[in-house]
Amino acid sequence: NGILMSSINLMPFYFGPYGTLDSALLTLLLNVLLTMPFGFGISFVARVRAKTILWLAPAVGFSIEIAQLLISLILRYPYRVIDINDVIMNALGVVIGYGVFRVFARLYRGATHRFGIRHWGLTADVYEVASRGHEAVKDQADPSTYQHFDHTIPFHLRIGAHTSSVHKCHIMQFC
């Protein structure tokens, strides 16, 4: 039990008596990079607001560390260091990933309106997710460039309503 307790760090930005700046920075960077995809992709799974990210980000970091602790307890061997720095950097990664998604969403919406890009198939789903929380502006010159999709209906069930048989064949790979 003493060995397990020695593998737990609850002091933020403490990297142990032998921690070097290089190894600490690499560890911090890798923990941020680990959870950035989660922050970017969470909007595709659920409606997430900035307020939600503020509690979800630390929850992700704590969940990872608690899972490591539980595995260590089950194995009765500290195979990983449970570290508050990992929680902080994992949370930061989620927030950065979410921020990158919001920038992407704004650029994607703007580009599709500016260039009159039609939305069907996967691009319609991406557009719908990118437009959550924003009023979608229909293109005045060509109203057909925007098709509204009810995002509560799964994508594979929406195909028939908004795509031709050629597109259905291509998307569903039935040809």
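Some points to look at:
- Counted charge near Ile8, where neighbours are those whose Cβ lies closer than 13 Å (Asp, Glu -1; Lys, Arg +1): -2
- Think of a 1.4 Å ball rolled over the protein heavy atoms: the range 1-113 then has 64 Å² of accessible area per residue.
- The chymotrypsin sites (Phe, Trp or Tyr not before Pro) found in the range 16-100 that occupy coil by DSSP, while having at most 15 further C-beta atoms within 10 Å, are Tyr18, Tyr79.
- Accessible-area composition of the range 1-100, carbon plus sulfur, in percent [1.4 Å probe]: 73
The values are calculated or read from the model by the stated rules, or taken from the named source; none is laboratory data. For clarity, every value in this text was computed on a predicted model and none was experimentally measured. Glycine gets a Cβ as well: all are built from the backbone with ideal geometry, and neighbour counts include every protein chain shown. Please note that ligands, DNA and RNA were not included when accessible areas were found on the heavy atoms of the full protein model with its side chains. Shrake-Rupley method; radii C 1.70, N 1.55, O 1.52, S 1.80 Å.
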